[in-house]
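Quick notes on the structure that follows.
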Amino acid sequence: MILGGQLSTAKGLDYAISHAAQHGLSTIQVFSRSPVGGQSKPLPKTGTVTGWLEEAHIRPFFVHAPYFVNPAATEPLAHQRARQVLSEEMIRVKRLHGDYLVLHPGHQQEKPIEESLNALTQTIRDILKKPGFVLIENASGQGREIGANLDELANLFLCLGRLRRVGFLLDTAHAMAFGYSLQKADDVSRFFELVDQKIGLSRLKGIHLNDTMYPVGSRRDRHAHLLTGVLQTDGLERLLRIAYESNFPIILETPGKDMDARSGDVQVIRQLTDGWV
Ligand SMILES: [Zn+2]
């Protein structure tokens, strides 16, 4: 099981990596800069991060894109800004020896949805002029968020010409908030069949494994600790089984900034997967 978590880098990336290793994790996700804006901090010297990752046996390494730009912006200045910031982010991911840049699809502005999807396609094409791999994460559909619906995402992949350096990252809390139930084992199996049909499971490069606080279809994005929200034990077990058998890395984004706050989630996972390895 490739298990990891979203970690704060407030004490440094080296601290976050060793914290993950101490908790027995094999993958992590971080923000390379504040997700809500402000000056980006200088990166560690080229080459140092790869040593830390190797020593801690951490791979893949996910870097989450900041939220303060809207990759689906149709307004020209905002569109340009998103392209610029996210292109820079691609370079930062490379310098950090990250494997993937995780991108939320963004928000619809005043224009019709097709124009937002078109803007998003252009942004992704543009940032892929830089080396690296982009993962598009399904949204919860809260507010004016786009990319919650698998049909919309399938359409996006089609518009991108199924570029090789684009993949999909599944957030279970967002899927449930939008209306795809993952509560029971059968729901989970059906949902993965749907992902395979619409996007292709070969494109799935990771799972943000989170429970959600509000009912399925509420369109409210509030992550919850595993089995404290709407997820049921057999649904979670099926999710873990699929991730385990297909080697999909799991990132916990349940409440808290580090793994001490998520020790309950890790315990639930360890219990359900006891004897699998
Ligand atoms: Zn997520």
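For Ile207, are the conditions met, namely being among the β-branched types (Val, Ile, Thr) and over 25 Å from Ile146 (Cβ atoms)?
Considered against the rule, which asks whether it is among the β-branched types (Val, Ile, Thr) and over 25 Å from Ile146 (Cβ atoms), Ile207 comes out as no.
State the number of residues belonging to the stretch 184-216 that are more than 23 Å from Val63 (Cβ to Cβ), in a helix (DSSP H, G or I) and among the polar types (S, T, N, Q).
So the count comes out to 2.
If you go through the stretch 256-276 one residue at a time, do you hit one that is in contact with a helix residue (DSSP H, G or I) (Cβ under 8 Å, 6 or more places away or on another chain) and within 16 Å of the ligand (Cβ to nearest atom)?
No, the stretch 256-276 has no match at all.
Quick one: what pairs do we get from the stretch 43-68, first residue under 15 Å from Ala16 (Cβ atoms), second surrounded by fewer than 16 Cβ atoms within 10 Å (Cβ to Cβ) and among the basic types (Lys, Arg), C-beta under 6 Å, 6+ apart or different chains?
If the second residue must be surrounded by fewer than 16 Cβ atoms within 10 Å (Cβ to Cβ) and among the basic types (Lys, Arg), the pairs left are Leu43/Arg95.
Among the residues of the stretch 159-211, what is the count of those that are within 13 Å of the chain's Cα centre (by Cα) and of a type in the set (Phe, Trp, Tyr)?
Within the stretch 159-211, residues that are within 13 Å of the chain's Cα centre (by Cα) and of a type in the set (Phe, Trp, Tyr) number 1.
When you go through (1) surrounded by 16 or more Cβ atoms within 10 Å (Cβ to Cβ); (2) modelled with pLDDT of 95 or more; (3) not in a helix (DSSP H, G or I) one by one for Ala173, which number turns out not to apply?
Only one criterion is unmet by Ala173, namely (3).
Pairs please, first residue from the stretch 1-23 and of a type in the set (Val, Ile, Thr), second anywhere and within 16 Å of the ligand (Cβ to nearest atom) and assigned to a loop (DSSP other than H, G, I, E, B), Cβ atoms under 6 Å, 6+ apart in sequence or on different chains.
Hits for this filter: Ile2/Pro249.
Which one is nearest to the chain's Cα centre (by Cα) among residues in the stretch 93-128 that are assigned to a helix (DSSP H, G or I) and closer than 28 Å to Gly51 by Cβ?
Ranking the qualifying residues of the stretch 93-128, first place goes to Val93.
Go through Pro44, Pro66, Pro71 for me and flag whichever is at pLDDT below 95 and either part of a helix (DSSP H, G or I) or touching a strand residue (DSSP E or B) at 6+ places or on another chain (Cβ under 7 Å) (or both).
Pro66
Which of the numbered conditions does Ala65 fail, given that it passes all the others? Conditions: (1) within 17 Å of the chain's Cα centre (by Cα); (2) buried (at least 18 other Cβ atoms within 10 Å of the Cβ); (3) more than 18 Å from Pro249 (Cβ to Cβ).
Here Ala65 meets the rest and fails (3).
From the list Gly132, Gly147, Gly141, which residue is modelled with pLDDT of 95 or more, in a loop (DSSP other than H, G, I, E, B), small (Gly, Ala, Ser) and more than 16 Å from the ligand (Cβ to nearest atom)?
On the way: Gly147 fails: more than 16 Å from the ligand (Cβ to nearest atom); Gly141 fails: more than 16 Å from the ligand (Cβ to nearest atom).
Just a single option satisfies the conditions, and that option is Gly132.
Within 16 Å of the ligand (Cβ to nearest atom), at pLDDT 95 or above and either part of a loop (DSSP other than H, G, I, E, B) or over 15 Å from the mean Cα position of the chain (by Cα) (or both), is that true of Pro35?
Values: within 16 Å of the ligand (Cβ to nearest atom): yes; at pLDDT 95 or above: no; either part of a loop (DSSP other than H, G, I, E, B) or over 15 Å from the mean Cα position of the chain (by Cα) (or both): yes.
Taking the combined requirement at face value, the residue does not satisfy it.
Just need a number here: residues in the stretch 151-179 that are within 16 Å of the ligand (Cβ to nearest atom) and either of a type in the set (A, V, I, L, M) or more than 25 Å from Asn247 (Cα to Cα) (or both).
The total comes to 8.
Could you run through the stretch 233-255 and say how many residues are more than 16 Å from the ligand (Cβ to nearest atom) and farther than 17 Å from Arg190 by Cα? Don't jump to the end; show me each part of the working.
Going residue by residue through the stretch 233-255, those that are more than 16 Å from the ligand (Cβ to nearest atom) are 233-238, 240-242, 244-247.
Checking the rest, the ones that are also farther than 17 Å from Arg190 by Cα come to 244, 247.
Summing the residues that are more than 16 Å from the ligand (Cβ to nearest atom) and farther than 17 Å from Arg190 by Cα in the stretch 233-255 gives 2.
The values are calculated or read from the model by the stated rules, or taken from the named source; none is laboratory data. All figures in this text were calculated on a predicted structure; none of them were measured in a lab. Methodologically, a virtual Cβ is constructed for each residue, glycine included, from the backbone with ideal geometry; neighbour enumeration extends over all protein chains shown.
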